[in-house]
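K.L.:
Attaching a single structure in structure tokens format; questions to follow.
The values are calculated or read from the model by the stated rules, or taken from the named source; none is laboratory data. All figures in this text were calculated on a predicted structure; none of them were measured in a lab. Neighbour counts are summed over all protein chains in view; Cβ atoms, including those assigned to glycine, are modelled from backbone coordinates with ideal geometry. Quick note on the areas: whole protein, heavy atoms, side chains included, nothing else; ligands and nucleic acids left out. Shrake-Rupley method; radii C 1.70, N 1.55, O 1.52, S 1.80 Å.
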Amino acid sequence: MSATVATASPDQDRTRTVEELRRELSAAHRREAATAEVLRIISRSAFDLQSVLDALVASAAHLCDAPMVAIHVQRDAQLPGRARHGFPPEMVEALSKIGQVLDRGSLAGRTIAQGQAVHIADVEADAEYTFRDFTRITGARSMLGVPLLRDGRPVGLLSLYRTRVAPFTAKQIDLMATFADQAVIAIENTRLFEVEQQHTRELKEALEQQTAASEVLELISSSPGELGPVFEAVLTNAARICDAKFANLFLYDGEAFRHVAIHGGPPLFAELYHRDPVVRPVAMNALQRLILTKQPQHVPDVTTEQAYRDGDPATVQMADVAGARTLLAVPLLKEDRLVGAIGIYRQEVRSFAPKQIAVLTSFAKQAVIALENSRLLNSLREALQQQTATADVLSVISRSPTDAQPVFDIIGERSEKLCEAEISVVSMVRGDTIELASIHGVNAEGVEAARRAFPMQRHSETVTARAVRAGTVVHTADVLDDAQYAMKDVALVGGYRSCLGVPMMRDGQVIGAIFVARAQAALFSDAQVQLLRTFADQAVIAIENTRLFEEIARKSRELEVASQHKSQFVANMSHELRTPLAAILGYAELIQEGFYGPLPEKSMDALTRIRSNGKHLLGLINTVLDIAKIESGQFTLNIGEYALESVVETVRAATESLAAAKNLALKTEVAKRMPLGLGDEQRLTQVLLNLVGNALKFTDAGEVRIIAMPGNGGFAVSVTDTGPGIPPEEQTRIFDEFHQVDDSNTKAKGGTGLGLAIAKQIVQMHGGRIWVESTLGKGSTFQVELPIRAQNAEATA
């Protein structure tokens, strides 16, 4: 019987083996089911790390029969718990008080250090384990730690604890390694998802910022000089992107901030700013620090500011009226010069992020661009207006050379407009008094009151009189505060405060002044002062032009009288000279012809020279007489019919002997059957005689040719020689009175320089024209064009 008890039968062994296999198969099914469940949770909650980790610790506790399971994920050299199972809240609190030990004396420290699973069958029997506070709180005896490995490096820990001594099996350890891998996969998926989400958020924020920036820049480009829409867009986008309740914008003039735009502010707060837009930083508040540092000012809680506790009105108003708690103010900087500020506000204590500070700084730069564009555009408009005004004044000066009054009027009108003045006055100095020259204004009563102040004494205590006495610009910000100003009643009636007086100077002497005044008690701009200086100079030009014109007119009248006297004297002298000269020539001719008896041969030669020189002198006298008639307006034509062929023949016969004496060929070419002309035949003969005579006189070899033919609806006559030619620069001047080509040949030939001038007058009086074509060394051709029928015209001196 004992043998039966001690020895199992073969059937029993087989039955036990089947039972063990069944248990192992059931355990494997449970493990597979748990693993599948974890995988389903991972797939359903791919980016919900907490759900995955919670499922892992619950399944690990169930499959490994472990009352307590935890997953820790490494962060900043610590292993904070991410998921726990079986740890009551009071135990978690107790463990948080003792902290962590990450050395080999703890399960976590040893697992992380080794980078592989650590199995402690009984901590009481493990001499190396020293973290007794943990076992005291948890009662843990058997422990299993499995590292979470990413790229072979521990990033966390899966730990299981039993409160009894019950070592974990190899299969359980392997299963937990699988769970650890799945935890790593979940952690990595979540990390990548968060990175992608962060990248997406950053892209969205960047896109929002770029869109906002583009909107502002588009407004800047489409509305140059219009700051309102730009400021509104800047504040709207800044508040939206930076998650602020409201925003506002200030401009800084070096002394105070002026509120110019607000977005989203409480109505009462906005009303207070509109009522009193000027903020003068008197306490060490955010705006004052902005002035000192030119750096963004971030105030997490306005009510903790010293300025708030001290009762600074601006800070108290911001906190108590607007409800602002967190403030961010950034400077508007133009070349490191503070020109304004943008402020954004939250009504809860919540600090702005560095990215939001950068965004607001970027918007501040765009606001500065808008300000600069507006400044440049306004400067350009102002310069254009001033240039236009200056051009208008100069145009009036050119149109009114004899009258300065229109210039004074337009200067007064433009001064009032461009200086934004209520009144403008142009005055002139007359001895010890200052007289009104022009006055313009928007207030009729003020204009009339100012008009009654003239004539004004030089010693008067007015801005105009001061400018006249000092000879410099006089600039007063507020005449009502000037104890010496003598026309306060006029200023009150005219509604002006700020005054500017600019003297008009000629040769260092004050001859007048320009005065402007406006309602605003502030100095005029430098550009406006310079504009009035320019107007003063132009007024002096107009006055000087008028004086010079009057002097020139007086001189011209005197010269005209003197010229008439001279012409009359020359005419009288010519007649007086011609009468005895004609008698001399007559007697010489009678003596030469033997009327008084025969004379010796030598006497006959002397008579010939007397007659020749007498005729030459008579010709000169006739020429001078013609010039005198031209200058006095007494040179006229005797109009009658004439044949051009006859004129040419007369000239040929008269000059033929002169040509023969110089051995020159004198040729004529006259077209047949030309019509009769209507003109002064004697004067035309004089013209042609002069041209042919000059040609023969200056030609030493060759020929002189006369050509006459129809041309251009009239007559065309030319005289061509083979003489030395005329330089190009002399070809237009030779028709001037008393002008001769300045060379030795001309001086040797002699002449008065009047013949061509008279010829030109005669031709022009016939309605024709005369000119010369010449080449040095090859000769000259004088061309004459005459209408067939001439009108009886007077000479032009």
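K.L.:
Is it the case that SER351 is modelled with pLDDT of 75 or more and either within 27 Å of TYR273 (Cα to Cα) or touching a helix residue (DSSP H, G or I) at 6+ places or on another chain (Cβ under 8 Å) (or both)?
P.N.:
Yes, satisfied.
K.L.:
Just give me the residues in region 492-517 being open to solvent by less than 20 Å² (accessible area, probe 1.4 Å), more than 19 Å from ALA539 (Cβ to Cβ) and touching a residue at least 40 places away in the same chain (Cβ under 8 Å), in sequence order.
P.N.:
GLY494, TYR496
K.L.:
Would you check which residues across region 165-210 are at pLDDT 75 or above and open to solvent by 60 Å² or more (accessible area, probe 1.4 Å) and list them?
P.N.:
VAL165, PRO167, THR169, ALA170, LYS171, ASP174, ASP181, ILE185, ARG191, LEU192, PHE193
K.L.:
Tell me, please, whether a residue that is of a type outside the set (A, V, I, L, M), closer than 25 Å to SER51 by Cα, in contact with a Gly (Cβ under 7 Å, 6 or more places away or on another chain) and in a strand (DSSP E or B) can be found in region 75-94.
P.N.:
Looking for residues that are of a type outside the set (A, V, I, L, M), closer than 25 Å to SER51 by Cα, in contact with a Gly (Cβ under 7 Å, 6 or more places away or on another chain) and in a strand (DSSP E or B), one finds none in region 75-94, hence no.
K.L.:
Of the conditions (1) open to solvent by less than 30 Å² (accessible area, probe 1.4 Å); (2) part of a helix (DSSP H, G or I); (3) at pLDDT below 90; (4) closer than 21 Å to ALA708 by Cβ, ALA628 fails just one. Which one is it?
P.N.:
(4)
Conditions (1) within 20 Å of THR361 (Cβ to Cβ); (2) open to solvent by less than 30 Å² (accessible area, probe 1.4 Å), marked per residue:
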site: ASP310; (1), (2): no, no
site: ALA322; (1), (2): no, yes
site: LEU328; (1), (2): yes, yes
site: GLY340; (1), (2): yes, yes
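K.L.:
Condition (residue is outside any strand (DSSP E or B) and either open to solvent by less than 20 Å² (accessible area, probe 1.4 Å) or in contact with a Phe, Trp or Tyr (Cβ under 8 Å, 6 or more places away or on another chain) (or both)) applied to region 423-444: is it met by at least one residue?
P.N.:
There is no residue in region 423-444 that is outside any strand (DSSP E or B) and either open to solvent by less than 20 Å² (accessible area, probe 1.4 Å) or in contact with a Phe, Trp or Tyr (Cβ under 8 Å, 6 or more places away or on another chain) (or both).
K.L.:
Let me ask something else about it. Assess whether GLY679 counts as being more than 20 Å from SER774 (Cβ to Cβ) and either in contact with a His (Cβ under 7 Å, 6 or more places away or on another chain) or aromatic (Phe, Trp, Tyr) (or both).
P.N.:
It is true that GLY679 is more than 20 Å from SER774 (Cβ to Cβ) and either in contact with a His (Cβ under 7 Å, 6 or more places away or on another chain) or aromatic (Phe, Trp, Tyr) (or both).
K.L.:
Still on this structure, I have one more. Out of the residues in region 638-685 that are acidic (Asp, Glu) and in contact with a Ser or Thr (Cβ under 9 Å, 6 or more places away or on another chain), state the one that is nearest to GLY702 (Cα to Cα).
P.N.:
Within region 638-685, the match that is nearest to GLY702 (Cα to Cα) is GLU649.
K.L.:
Residues being open to solvent by 60 Å² or more (accessible area, probe 1.4 Å) and either part of a strand (DSSP E or B) or within 23 Å of THR236 (Cβ to Cβ) (or both): count how many of those fall in region 285-308.
P.N.:
Residues that pass the stated criteria total 1.
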